[in-house]
Amino acid sequence: MTDTTLDEAAVAAAWDRNAETWAQEVRNGLDLYRELYTFPAFLSFMPPIAGKRVIDLGCGEGSNTRRFARLGGIMTGVDLSSEMIGCAREQEEKEPLEIAYEIGSFSELSPLADGEFDVALSTMALMDGPDLSGALKAISRVLKPGGALCFSVLHPCFVTPAVKWLTDSAGAHLGLRVGRYFEREPFIEYWRFSRRDGSEQKQGTEPFEVPRFPRTLSDYINSVSDAGFRIVKLEEPRPSEELARKHDWLNRWYQHAPLVLFVLAVKA
Ligand SMILES: C[S@@+](CC[C@H](N)C(=O)[O-])C[C@H]1O[C@@H](n2cnc3c(N)ncnc32)[C@H](O)[C@@H]1O
């Protein structure tokens, strides 16, 4: 797949295809990385949102948006995929949390007014769109002066296009090989949530089709600061020691490298 074919229309179409299974599996707690590691760490990292107007960028089917709403955020969720937003709205009807959902690109945010939000949150989505610097500029526009941006992405230094775990002959993890760090060619990754809880793999389920837009650490940091933000804090969270002892698949991320990067910045 070449660069030009992975535009926002292609990204939206891929996530439209993923939406039904994604929503079902995330809601059933099958995204164990999210449940055990990345989301609890993000909650400890992000600023307080109670009573604040908050936008969730690339909100998907809205599981995290609903969690933010339960913390008191007055939430708007935006996603490129109409199917994802359809799933989110369906859930909002069943379990109203006063969340507004918009179909659209976080690199545009055109239906939203300047300075409408106190906080912009995004979990594991900004790496999935083709125009990062456009996204940071659009986010800056919809935030009030002094408003906070807080996001998570796959760690650009470690989850590179040629990432591979290195193991010894007994299968113990020795380290992580990173490779092709500087390549920015978009590609499609196919994967499923692993059934690490021992439950059955659903027969016939197609893997998710995830367009990826690899970037370097400086791409992220410079796009944030070029859009007029002041970086307050970065975090490279580790799974807890207790979880690392319990689960070998988390122990690798405890011992060797962080899976995700968190950034907190304020609009200057
Ligand atoms: C890995 S999912 C994460 C969804 C959600 N934040 C979560 O943590 O469950 C990435 C999401 O980003 C959305 N996305 C990708 N590019 C986007 C863009 N330019 N604007 C808005 N959403 C986008 C996709 O449609 C998908 O729903």
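The values are calculated or read from the model by the stated rules, or taken from the named source; none is laboratory data. Predicted model only: the values in this text are computed from it and were never measured. Methodologically, a virtual Cβ is constructed for each residue, glycine included, from the backbone with ideal geometry; neighbour enumeration extends over all protein chains shown.
This table checks each residue for (1) of a type in the set (Ser, Thr, Tyr); (2) without any contact (Cβ under 8 Å) to a residue 12 or more places away in the chain; (3) on the phi > 0 side of the Ramachandran plot; (4) surrounded by 13 or more Cβ atoms within 10 Å (Cβ to Cβ).
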residue	(1), (2), (3), (4)
148	no, no, no, yes
166	no, yes, no, no
177	no, no, no, no
182	no, no, no, no
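Output yes when any residue across region 68-75 is within 10 Å of the ligand (Cβ to nearest atom) and within 16 Å of the chain's Cα centre (by Cα), and no when none is. Reasoning before the result, please.
Pass one, region 68-75, residues within 10 Å of the ligand (Cβ to nearest atom): none.
Checking region 68-75: not a single residue is within 10 Å of the ligand (Cβ to nearest atom) and within 16 Å of the chain's Cα centre (by Cα).
It is to be established whether one or more residues within region 151-169 are away from the ligand (no atom under 11 Å from the Cβ) and touching an Asp or Glu at 6+ places or on another chain (Cβ under 6 Å). Walk me through it before giving the result.
Residues of region 151-169 that are away from the ligand (no atom under 11 Å from the Cβ), as a first pass: 155-169.
Next, from what is left, pick out any that are touching an Asp or Glu at 6+ places or on another chain (Cβ under 6 Å): 161.
Within region 151-169, one or more residues are away from the ligand (no atom under 11 Å from the Cβ) and touching an Asp or Glu at 6+ places or on another chain (Cβ under 6 Å).
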- Flagged pairs (Cβ under 7 angstrom, 6 or more apart or on separate chains; first in region 108-128, within 14 Å of residue 147 (Cβ to Cβ); second more than 8 Å from the ligand (Cβ to nearest atom) and part of a loop (DSSP other than H, G, I, E, B)) are 118/52; 119/47; 119/49; 119/52; 121/46
- Query: Is it the case that region 87-99 has a residue that's surrounded by 17 or more Cβ atoms within 10 Å (Cβ to Cβ) and either at pLDDT below 95 or within 8 Å of the ligand (Cβ to nearest atom) (or both)?
  - Reply: no
- Query: Since residue 143 meets every condition but one in (1) closer than 18 Å to residue 53 by Cβ; (2) within 15 Å of the ligand (Cβ to nearest atom), which condition does it not meet?
  - Reply: (2)
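Which of the residues spanning region 45-67 are more than 14 Å from the ligand (Cβ to nearest atom), without any contact (Cβ under 8 Å) to a residue 40 or more places away in the chain and not aliphatic (A, V, I, L, M)? So that I can check it myself, show each step before the final result.
Here is the first cut: in region 45-67, the ones more than 14 Å from the ligand (Cβ to nearest atom) are 45, 47-53.
So of that shortlist, the ones also without any contact (Cβ under 8 Å) to a residue 40 or more places away in the chain come out as 48, 50-51.
Within region 45-67, 48, 51 meet the criteria.
When region 65-84 is examined, which residues are found to be in a helix (DSSP H, G or I) and surrounded by fewer than 24 Cβ atoms within 10 Å (Cβ to Cβ)? Talk me through it step by step, then tell me what you get.
Filtering region 65-84 for residues in a helix (DSSP H, G or I) gives 65-70, 82-84.
Matches in region 65-84: 66, 67, 69, 70, 82, 83.
Condition test on residue 136, is it of a type outside the set (Asp, Glu) and buried (at least 24 other Cβ atoms within 10 Å of the Cβ)?
Values: of a type outside the set (Asp, Glu): yes; buried (at least 24 other Cβ atoms within 10 Å of the Cβ): yes.
In short, yes.
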